[in-house]
Every structure is written in C-alpha cells, then in structure tokens.
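Data first, discussion second: the structure below is written as structure tokens.
The values are calculated or read from the model by the stated rules, or taken from the named source; none is laboratory data. For clarity, every value in this text was computed on a predicted model and none was experimentally measured. Positions of Cβ are backbone-derived with ideal geometry, glycine not excepted, and every protein chain shown enters the neighbour counts. Note: areas computed on protein heavy atoms with side chains; ligands, DNA, RNA excluded. Shrake-Rupley method; radii C 1.70, N 1.55, O 1.52, S 1.80 Å.
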Amino acid sequence: MPSPATLCAAVALPVPVDRLFDYAVPPALDAAARPGCRVQVPFGSRRHTGVIVERRPAQGRERLRALGRVLDDEPVLSAAMLQILRDEAREVFCPLGIAIAAALPAGSTPRRRVRHALTPFGRTALESGALRGALHAVAERLARGPAGADALRRVSPDAADALRILVADRLALRMEEEHDGVAGATERVATRTAESESEDPDTLARRAPVQARLLAVLAAEGTLATAELARRIPGAAGALRGLERRGLVTLSRRPRTSDVLGTPLEPATAPVQLTDAQARALEPVAAAVRARRFEPFLLHGVTGSGKTEVYVRAIAEALRSGRQALVLVPEITLTHQILARLRARFGDGLAVLHSGLRPRERWEQWTRLARGATPLALGARSALFAPLEDLGIIVIDEEHDGAYKNDEGFRYHARDLARRRAQAAGCPVVMGSATPSVETRHAAERGEVGLLRLPERIGGRPLPAVQIVDLEKERAAQPRGRKLILSGPLRRALRETLDDGGQALLLLNRRGFSTKVFCFGCGHAEHCKHCDIALVFHAADGRMRCHYCDYEMEPPEVCSGCGAPDTALLGIGTQRVEEELRARFGDARVARLDRDVASRRGATEAVLRNLREGRVDIVVGTQMVAKGHDFPGVRLVGVVLADLGLHIPDFRAAERTFQLLTQVAGRAGRGRAPGRVVVQTFAPKHYAVASVLQHDYESFYAEEIGHRAALRYPPFGHLVHVLVSGPDEDAVRAAAENLAGVARQAGGDAVEVLGPAPAPLARLRDRYRFQLLVKGADPESLHRTGRALADDAAQLAAPLRAKVDPNPLNML
C-alpha cells in the first residue's frame with residue numbers, strides 16, 4: 001500500500017469531461033489535501049477550483065502537475081455525500097465534477113476577476129490632455145482606481161475599444177484578481193475592558209452620562225453590536241469612540257449571520273391533538289426513526305388533512321433522538337408557510353436553503369449546518385446537499401411537483417437523491433401529497449413504498465364543492481366577437497364571496513402553447529394516432545406534428561370535432577384577468593402573483609401576507625397560487641381555463657392537469673366557512689377534469705395507469721430523452737439521426753427509439769432543436785443505451801450540443 005506522500009489527488013473539476021484528474025500533492029499540502037476539500041489546480045492555461053474525490057496511486061509514469069492550494073480546513077463534502085454524488089451522477093450520465101459543483105453553495109467557489117488600472121504613463125497622458133473622447137473617459141475612470149469591464153462600459157459605450165488601445169500603448173494594464181468566494185458578513189461590536197471596572201460610575205455619570213450608560217449596559221449584557229447600542233442609546237457612536245480612547249472599551253468585528261427567517265408568522269404553539277388517521281400515519285414513521293431504519297413512505301392525504309402536523313411530529317422524534325432533519329418543498333414560495341409552522345414548534349434553531357437567498361446568506365446557512373449550530377434544514381431541491389451527517393428523517397412535501405427535477409447540468413430528481421441520502425443515513429423518507437405522482441403511487445401499490453392515508457380534512461371540514469363550467473356553452477351565449485374570460489357562474493360566485501366577506505383565488509394555468517392546438521369552439525385537439533399526444537402546429541411548413549414519433553398531418557380545414565372553422569386559441573394572461581377583475585369588481589382589492597411579481601425580492605411574501613391578514617380580496621396568479629398555501633379566509637377558487645395544460649405534447653399532460661386542479665381546489669374552505677370551486681373548461685368530460693368534481697384521485701389514477709400501461713410509459717417503462725441543438729438545422733437533424741442510430745445499435749430489440757423529430761420549441765434563441773425518445777422496459781438495457789448516447793453526445797463538435805436526460809419530466 002503506497003504511503004500518503006506517494007498518492008496523488010484525484011480531483012473532480014466542473015468541466016464537461018466525465019473523469020477525474022490526477023495532481024501531485026506537494027509535501028506541504030499532504031495533510032490538508034483530503035477527500036472532500038476544495039483545491040485550486042492548473043487546468044490547461046487556466047486555474048480551476050475542484051474537489052478532491054480520492055487519493056490514489058498515480059496512473060502511468062507521466063509527470064503530474066501539482067495542486068495549487070487547498071481551500072478548506074475541513075472537507076466541505078463528507079465521504080458519504082461524495083459517494084452519493086458519484087452514484088447519482090453515474091445514473092444520470094453527468095460528469096462528476098459538474099454534479100459536485102451543483103452540490104456546493106452558489107458563490108462559494110473562488111473566482112478570478114479581470115480588472116484594469118492606469119499606469120504612470122497613462123496618468124501622465126491624462127493630465128497632459130493628450131487623450132480625447134472614449135480614451136479620456138476610460139482613463140479618467142481608471143484614475144480613480146482599478147475597474148472592471150462593467151464599470152467602464154458605464155462611462156462610455158466604446159469602452160472596450162478604448163481599453164484595447166490604452167493597454168496596447170501601455171497606458172493601462174490588465175490585472176487578474178482572485179476572490180475566495182463569498183465573504184461572511186461581520187458587525188462591529190463593543191466590549192467593556194477590565195480597566196473600566198475601576199471607573200467610578202457616579203463621577204462618570206455626572207461628567208459623561210452617555211458613556212456611563214453605555215458601560216452599564218455592557219456590564220449587564222456583555223459584548224453588544226455598536227448598531228444595537230446606537231439604536232438604544234442616542235449619541236452612542238461618539239461616546240464609544242471616547243471610551244475606546246480612554247481604554248475603557250474595545251471595538252472589534254465579529255461574524256454576523258443574516259436574518260433570513262424574517263418576522264415570525266405564528267407564535268410558539270404546543271402540539272395539537274392528533275386525529276386517529278394522523279396517529280396511524282405517524283406511528284410507522286416514528287418507529288423507523290427510532291430504529292434508524294431506511295424506509296420510504298407515501299403520505300397520501302387530501303388537502304387540509306394535516307400532513308404538515310405528521311411531518312412536524314416525525315421531525316420532533318428525530319430531534320429527540322439527537323439526530324437531524326431535512327424538509328424539502330418544491331418552490332421558494334412554499335418555504336414561508338412551512339417555515340412558520342416549524343418555527344412555531346421548534347423556535348428559530350433552523351437553517352433555510354434556497355436560490356432566493358443571496359450567495360453570502362446561503363453560505364452562512366450552509367456553515368451553520370456544517371458546524372452543528374442547528375439540526376434542522378428547510379429548503380428547495382438544492383437543500384438536499386446540506387451538510388447534515390446524522391439525518392434522522394427526510395420530508396418531501398408535495399412530492400409530485402415537477403420542480404423537484406433539475407433540468408440543467410446535473411439532472412437529478414430530488415425524490416431519487418433523497419432516497420439515496422436516507423438509505424446512506426439509515427432513516428425514513430416521507431413523501432407527502434394530495435395528488436401523488438403516478439410513479440410513486442404505483443410503487444406504493446407494489447409494496448416498494450409504505451402507503452399512509454389521511455382521507456379526511458381536519459375537524460371533519462368538508463372538501464369544497466366543485467362546479468364545472470362548460471365554456472363551449474358559455475361561449476355560445478356570448479355576443480359574437482367578445483372574448484370570454486369570466487363566465488357567468490364564476491362572476492356570480494365572486495360577487496357572492498365578496499359580499500359575504502370572503503376571499504378568492506383565481507388560477508390561470510399558462511403552461512402550453514397557443515399555436516392552433518385545439519378548437520376554440522369545442523375544445524377538441526388533434527392527437528397523434530400512435531402516441532396519444534397532442535399534435536403541434538408548425539407555421540413554417542404548415543404541418544401538425546407529433547414530437548415523439550414524428551407522425552404528421554395536414555391541419556384540417558375545419559375542426560374534426562365540431563366542424564367549426566374557428567380553431568385558434570386566443571391567449572389571455574394574468575394581467576388581462578387582473579384588468580377584467582378590476583373592471584367588474586371595482587370595490588375589490590385585487591393582487592397578482594406570477595413570475596413577474598415573484599422576481600422582485602420580498603414581493604411574493606408581501607402578497608401572501610396581505611392575503612393572510614385580510615388586506616386583499618382576490619389574488620389572481622399562475623401555478624404559484626395552487627401549491628400548499630393555507631389561507632382560512634379563502635372561500636372561492638376559480639380556474640379561468642382548466643384544459644390549457646391538457647394539450648401540450650407530453651404523456652404526463654393529464655396527470656399534471658389533474659394535480660394542478662385538485663391542488664388549487666384544495667385552497668378553498670380551509671377555515672370555518674365552506675369552500676367552493678368553479679372550473680371553466682372546454683373539456684368537462686375529460687377524466688383529468690371530471691375527476692376533480694368529487695376530488696376523486698382514485699378514479700383519475702385508475703384511468704391514467706391504464707393509458708400508461710397500454711403505451712409502456714412510466715411506471716411500466718423507462719425513458720431517455722435526447723435533445724440536440726445548434727444554429728444549422730440540417731446539421732442538427734443529421735446529428736440527431738446519428739444519435740438515433742447509436743441508440744438502436746446499443747439497445748437492440750430491448751428499446752424503442754421514437755424520432756428524431758423537431759422539438760416542440762423547434763427554434764430557441766436562434767438554435768434549432770431536434771429530439772428523440774428512447775423507451776424500454778428493462779432498466780439495465782435502457783441505462784446502457786443512455787450511457788452510449790451520453791458518450792457519443794459528448795463528442796459533438798461545437799456549436800452542436802446534445803442533452804441526454806434519463807427519466808425526463810420536461811420534454812418541451
């Protein structure tokens with residue numbers, strides 16, 4: 001066995017090459033260069049930051065380049081996490097370095113920054129007046145100090161050209177500066193010294209009352225932030241400087257953790273009495289926690305049935321045993337509500353991890369967990385990488401949500417990665433939903449996942465009554481040419497709700513296309529005769545195509561469902577609905593919640609807080625309003641157009657539609673007053689819509705699982721999706737056809753290759769896109785085929801690119 005000094009470091013780098021890179025370890029770094037530590041290494045002509053994965057004998061006799069420096073005193077990734085990442089990266093055909101980079105907090109990796117500075121010759125030229133125009137503007141800015149390209153562009157649109165001239169003439173020089181990632185926030189603090197104890201407080205109070213008061217506060221409370229002292233004691237800033245000069249106080253800086261939790265929404269509460277169904281659901285989960293046993297559970301409970309209380313009790317069981325807990329939510333907007341529940345039960349001893357935090361805030365939360373300052377973490381899918389080394393439970397709320405799948409780079413699904421973490425830790429993973437994914441529910445039927453049920457709402461409150469409005473009939477009653485946004489039943493329901501002092505949520509699901517995919521008269525959509533997938537109209541060649549098998553047809557002259565010539569889908573958006581509400585209900589306070597609103601920091605929380613506190617009457621939004629929110633004042637939910645999502649070219653379209661409608665319906669009637677739901681649709685008899693009438697997951701599931709079995713879609717088969725893109729359409733098509741050949745050769749009779757065909761978004765950002773889908777019942781054969789596709793795709797010459805995604809959720 002080689003001694004550590006003869007072992008090289010195998011480093012994973014964030015480059016699209018699926019291998020580890022060996023580097024020699026200088027003797028001075030031998031003890032520090034441990035697996036899981038970040039290191040800087042030379043790579044080509046540049047320096048990269050990577051992570052040591054293992055120490056191993058050097059392969060071959062070539063001379064290795066040496067590590068630059070080790071960035072961490074302790075590993076940032078444990079041995080267990082490194083193994084989990086290796087296994088998952090192998091499963092989803094991702095280079096390990098890219099997977100590891102995704103597991104580290106954004107902004108924490110050291111980076112190089114290019115800046116420019118004025119030379120003495122440049123300063124002389126500037127002062128002599130020899131420079132004119134953009135040269136003068138850029139030099140004048142550099143005279144105030146080094147600057148980057150962005151700062152220089154602000155002084156002149158021709159800054160780039162001027163800078164090249166200045167550098168070429170040696171009037172400016174280019175510098176590369178290295179930054180060690182995000183820096184932790186600090187605060188200035190004051191501490192009373194030993195010398196201050198000999199100071200007579202009465203004398204000081206007469207001579208300098210503010211100083212005397214400061215010393216008294218510091219004596220009573222210890223070290224305090226100067227900002228806090230200034231807030232409490234007027235004139236504290238000057239008095240502190242005087243105390244420092246006299247040696248009675250020392251001023252220094254200490255790390256400060258940003259407040260990412262915000263104002264508590266609920267006071268601390270004692271545990272409520274569990275219902276019989278909740279107690280039955282909790283018992284096997286708590287038993288698995290106590291036994292330190294990996295076991296997956298599906299907590300299937302109707303909306304408002306108390307799933308969160310079961311989560312909280314199971315988390316408490318893990319914390320009592322001295323272990324840790326991780327709670328995942330699909331989107332940032334849902335962290336606020338469950339955060340309130342967790343703080344009400346466990347206080348502020350938890351960390352929050354999601355992309356809405358600034359890089360410094362994310363790093364602070366990460367380091368709090370790493371040093372054991374808190375045993376509880378909450379966040380979106382990236383929180384799965386939190387440094388929790390003794391997990392007692394993992395909770396995945398709204399497990400069906402597509403946001404748990406990462407579609408770029410490291411294409412993991414949080415549900416799969418959570419199972420790996422739970423298995424490694426020896427703890428249960430609880431997946432909760434009112435509308436479980438078909439795959440998870442099928443796994444529960446097969447006994448692969450424990451099925452726990454909460455069939456009723458807390459307190460026996462009824463599920464909201466659902467009314468389905470046939471838009472074909474409503475439209476026939478409208479004056480010709482008038483666009484129908486709010487049907488008569490929905491307008492009446494809104495008026496009654498407002499008059500009764502209730503609140504309303506309106507959903508407009510904008511997933512899908514407005515490219516003549518269905519008739520605006522009857523809602524009929526043209527489907528592929530081979531795949532049961534909606535056809536998409538391509539204006540470029542005037543054909544309707546299936547984006548799975550490339551079946552195509554001429555668009556019909558009239559709708560084949562009702563014979564009407566009016567087949568265009570006229571689009572409406574949330575802003576248009578908001579305008580309609582303000583016009584029809586001028587007395588109502590209306591707010592909107594969509595991606596445009598949510599992009600402003602704090603805007604989502606403000607809308608939800610206003611709804612919770614009764615300062616808003618109607619909120620109109622996209623899918624963001626449908627998920628997991630609990631507002632007792634909401635009595636009415638309206639769905640403006642329920643079947644938009646049914647006509648996207650995806651075999652999961654019906655499942656997503658049913659889930660969305662059921663979830664948004666569940667927002668109504670969660671308080672004491674009963675709720676009601678009005679669903680506007682052109683497809684009232686479609687099983688994904690009709691099943692919502694009675695909140696009937698079972699009938700929907702029975703219909704959907706039959707379709708999946710007939711067409712061998714998951715869970716009865718496995719998929720690999722390949723998307724090829726590039727600026728030249730013929731080159732993209734040829735590359736896709738070549739990859740289809742690779743798939744057929746690698747998979748043989750064990751796989752079915754559909755396509756290649758143009759992607760639904762056939763041209764995006766000036767890149768043409770073709771896709772193919774590989775189906776197979778045998779996971780090993782399909783994985784072997786996917787591996788061959790990934791290897792071949794990696795060899796494509798730029799500007800061609802190919803993405804190979806196993807178990808895809810988004811194929812647009």
One residue from ALA673, ALA683 being touching an Asp or Glu at 6+ places or on another chain (Cβ under 9 Å), within 30 Å of GLY755 (Cα to Cα), open to solvent by 10 Å² or more (accessible area, probe 1.4 Å) and touching a residue at least 60 places away in the same chain (Cβ under 8 Å): ALA683
Per-region count, region 280-312, residues open to solvent by 30 Å² or more (accessible area, probe 1.4 Å) and at pLDDT below 95: 2
Matching residues in region 768-784 - criterion: being open to solvent by less than 40 Å² (accessible area, probe 1.4 Å) and either among the aliphatic types (A, V, I, L, M) or not in a strand (DSSP E or B) (or both): LEU772, LEU773, VAL774, SER781, LEU782
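Here's the yes/no breakdown for (1) in contact with a strand residue (DSSP E or B) (Cβ under 6 Å, 6 or more places away or on another chain); (2) among the charged types (D, E, K, R); (3) at pLDDT 65 or above:
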{"site": "ARG492", "(1), (2), (3)": "no, yes, yes"}
{"site": "GLU496", "(1), (2), (3)": "no, yes, yes"}
{"site": "ASP499", "(1), (2), (3)": "no, yes, yes"}
{"site": "GLY523", "(1), (2), (3)": "no, no, yes"}
{"site": "CYS528", "(1), (2), (3)": "no, no, yes"}
{"site": "GLU578", "(1), (2), (3)": "yes, yes, yes"}
{"site": "ARG592", "(1), (2), (3)": "yes, yes, yes"}
{"site": "GLU605", "(1), (2), (3)": "no, yes, yes"}
{"site": "LEU608", "(1), (2), (3)": "no, no, yes"}
Residue count, region 181-218 (criterion: surrounded by 11 or more Cβ atoms within 10 Å (Cβ to Cβ), out of contact with any Pro (no Cβ under 9 Å at 6 or more places or on another chain) and over 25 Å from ARG360 (Cα atoms)): 16
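Yes/no matrix, rows are residues, columns are (1) at pLDDT below 85; (2) not small (Gly, Ala, Ser):
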residue: LEU104; (1), (2): no, yes
residue: PRO110; (1), (2): yes, yes
residue: ARG113; (1), (2): yes, yes
residue: ALA125; (1), (2): no, no
residue: SER128; (1), (2): no, no
residue: ALA134; (1), (2): no, no
residue: LEU142; (1), (2): no, yes
residue: PRO146; (1), (2): no, yes
residue: LEU152; (1), (2): no, yes
So ARG667, is it modelled with pLDDT under 85 and surrounded by 21 or more Cβ atoms within 10 Å (Cβ to Cβ): yes
Single unsatisfied condition, GLU399 versus (1) under 30 Å from THR303 (Cβ atoms); (2) surrounded by fewer than 24 Cβ atoms within 10 Å (Cβ to Cβ): (2)
Matching residues, region 702-713, being open to solvent by 10 Å² or more (accessible area, probe 1.4 Å) and assigned to a helix (DSSP H, G or I): ALA702, GLU703, ILE705, GLY706, HIS707, ALA709, ALA710, LEU711
Tabulated pairs, region 234-246, first in a helix (DSSP H, G or I), second open to solvent by 60 Å² or more (accessible area, probe 1.4 Å), C-beta under 8 angstrom, 6+ apart or interchain: GLU244/THR250
Search result, residues across region 785-804 that are part of a strand (DSSP E or B) and either surrounded by 21 or more Cβ atoms within 10 Å (Cβ to Cβ) or hydroxyl-bearing (Ser, Thr, Tyr) (or both): ALA802, VAL804
Selection status of VAL469, part of a strand (DSSP E or B) and modelled with pLDDT under 95: yes
Any hit, region 331-346, residues being within 29 Å of PRO95 (Cβ to Cβ), surrounded by fewer than 24 Cβ atoms within 10 Å (Cβ to Cβ) and out of contact with any Phe, Trp or Tyr (no Cβ under 7 Å at 6 or more places or on another chain): yes
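For every residue, the table says whether it meets (1) under 25 Å from VAL438 (Cα atoms); (2) modelled with pLDDT of 75 or more; (3) open to solvent by less than 10 Å² (accessible area, probe 1.4 Å).
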{"position": "GLY602", "(1), (2), (3)": "no, no, no"}
{"position": "LEU611", "(1), (2), (3)": "no, yes, yes"}
{"position": "ILE618", "(1), (2), (3)": "no, yes, yes"}
{"position": "VAL625", "(1), (2), (3)": "yes, no, yes"}
{"position": "GLY638", "(1), (2), (3)": "no, yes, yes"}
{"position": "LEU641", "(1), (2), (3)": "yes, yes, no"}
{"position": "ILE648", "(1), (2), (3)": "yes, yes, yes"}
{"position": "ALA653", "(1), (2), (3)": "yes, yes, yes"}
Residue satisfying condition, being open to solvent by 30 Å² or more (accessible area, probe 1.4 Å) and either of a type in the set (Gly, Ala, Ser) or out of contact with any strand residue (DSSP E or B) (no Cβ under 7 Å at 6 or more places or on another chain) (or both), within set ARG765, ARG733: ARG765
Evaluation of LEU357 against (1) touching a strand residue (DSSP E or B) at 6+ places or on another chain (Cβ under 7 Å); (2) farther than 28 Å from PHE93 by Cα; (3) open to solvent by 10 Å² or more (accessible area, probe 1.4 Å) (one fails), failing number: (1)
Every residue from region 447-473 that is free of Cβ contacts under 8 Å to residues at least 40 places away in the same chain and either open to solvent by less than 20 Å² (accessible area, probe 1.4 Å) or of a type outside the set (Lys, Arg) (or both): GLY447, GLY459, GLY460
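Per-residue answers, yes or no, for (1) surrounded by 18 or more Cβ atoms within 10 Å (Cβ to Cβ); (2) modelled with pLDDT of 65 or more:
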position	(1), (2)
PHE518	yes, no
ALA540	no, no
VAL558	no, yes
GLY563	no, yes
Selected residue (criterion: nearest to THR49 (Cα to Cα)) from residues of region 171-215 that are modelled with pLDDT of 90 or more and either in contact with an Asp or Glu (Cβ under 6 Å, 6 or more places away or on another chain) or not aliphatic (A, V, I, L, M) (or both): THR191
Flag for GLY349 being assigned to a loop (DSSP other than H, G, I, E, B), without any contact (Cβ under 8 Å) to a residue 12 or more places away in the chain and open to solvent by 10 Å² or more (accessible area, probe 1.4 Å): no
